[in-house]
Amino acid sequence: MRSLWGIPKDADSTNEKVSVFVKIKNPVPGTEMRLPTYKDLLGQWVLMFKNEPRSSKLEFVDSKHVIRKTSTTALELDYVADFTKQPITIDFYINNNLINQSYILFNSKDDIRLENFDPGKRKDHFTAFGQNYGYKREKPL
């Protein structure tokens, strides 16, 4: 029986008893890895710049509609998100016309990173010097 190192490949175990122990890892409840879903995105998110909230907000109403708010306007958009990809792809539409393609990355349940691209110009990853924006959850839906 070996406890700190493995059994050699050429060891003859036909005449001797061999014990094999396997460590079973039980994760702490609530700490399992999982992909985000629409439920994680729902609610109002405020744009942060240098840890200060700005007047720009995104309010994800349901799995298809978002309201983009600024200090002077509120614009209702449709969106389609693919949560099976990392980073999450999300496309924004007005009257079935694609106006923006983006990536969303969840840093935590209340902190996301959004990068916008012009239609048809989305890259395959986040970029360092792009239209990157950090949002904090202001209130859940």
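The values are calculated or read from the model by the stated rules, or taken from the named source; none is laboratory data. Keep in mind the model is a prediction, meaning the values are calculated, not measured. Methodologically, a virtual Cβ is constructed for each residue, glycine included, from the backbone with ideal geometry; neighbour enumeration extends over all protein chains shown. The accessibility values were calculated without ligands, DNA or RNA, using every heavy atom of the protein model including side chains. Shrake-Rupley method; radii C 1.70, N 1.55, O 1.52, S 1.80 Å.
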- Item | Pairs where the first residue, in the stretch 25-44, is farther than 16 Å from LYS64 by Cβ and aliphatic (A, V, I, L, M) and the second is open to solvent by less than 90 Å² (accessible area, probe 1.4 Å) and modelled with pLDDT of 90 or more, C-beta under 9 Å, 6+ apart | LEU35/PHE83; LEU35/ILE88
- Unique match (being of a type in the set (Gly, Ala, Ser), at pLDDT 90 or above and within 15 Å of the chain's Cα centre (by Cα)) among SER63, SER102: SER102
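For (1) without any contact (Cβ under 8 Å) to a residue 12 or more places away in the chain; (2) among the basic types (Lys, Arg); (3) farther than 18 Å from LEU47 by Cβ, each residue gets a yes or a no:
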position: SER63; (1), (2), (3): no, no, yes
position: ILE67; (1), (2), (3): yes, no, no
position: THR72; (1), (2), (3): yes, no, no
position: LEU77; (1), (2), (3): no, no, no
position: LYS85; (1), (2), (3): yes, yes, yes
position: ILE90; (1), (2), (3): no, no, no
position: ILE94; (1), (2), (3): no, no, yes
position: ASN100; (1), (2), (3): no, no, no
position: ILE104; (1), (2), (3): no, no, no
- Query: Is there a residue being farther than 16 Å from GLU115 by Cβ, more than 18 Å from the chain's Cα centre (by Cα) and open to solvent by less than 60 Å² (accessible area, probe 1.4 Å) anywhere in the stretch 38-60?
  - Reply: yes
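Going by the structure shown, is ARG137 in contact with a Gly (Cβ under 6 Å, 6 or more places away or on another chain), open to solvent by 20 Å² or more (accessible area, probe 1.4 Å) and either at pLDDT 90 or above or among the aliphatic types (A, V, I, L, M) (or both)? Steps first, please.
Working: in contact with a Gly (Cβ under 6 Å, 6 or more places away or on another chain): yes; open to solvent by 20 Å² or more (accessible area, probe 1.4 Å): yes; either at pLDDT 90 or above or among the aliphatic types (A, V, I, L, M) (or both): yes.
Considered against the rule, which asks whether it is in contact with a Gly (Cβ under 6 Å, 6 or more places away or on another chain), open to solvent by 20 Å² or more (accessible area, probe 1.4 Å) and either at pLDDT 90 or above or among the aliphatic types (A, V, I, L, M) (or both), ARG137 comes out as yes.
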- Task: Working only within the stretch 105-141, note down all residues that are of a type in the set (Gly, Ala, Ser) and more than 12 Å from the chain's Cα centre (by Cα).
- Result: GLY120, ALA128, GLY130, GLY134
- Task: State yes or no: is ILE112 of a type in the set (Val, Ile, Thr), open to solvent by less than 60 Å² (accessible area, probe 1.4 Å) and within 18 Å of LYS50 (Cβ to Cβ)?
- Result: yes
- Task: Being surrounded by 15 or more Cβ atoms within 10 Å (Cβ to Cβ) and either of a type in the set (A, V, I, L, M) or touching a helix residue (DSSP H, G or I) at 6+ places or on another chain (Cβ under 7 Å) (or both) is the filter; apply it to the stretch 87-98 and report the residue that is farthest from THR127 (Cα to Cα).
- Result: ILE90
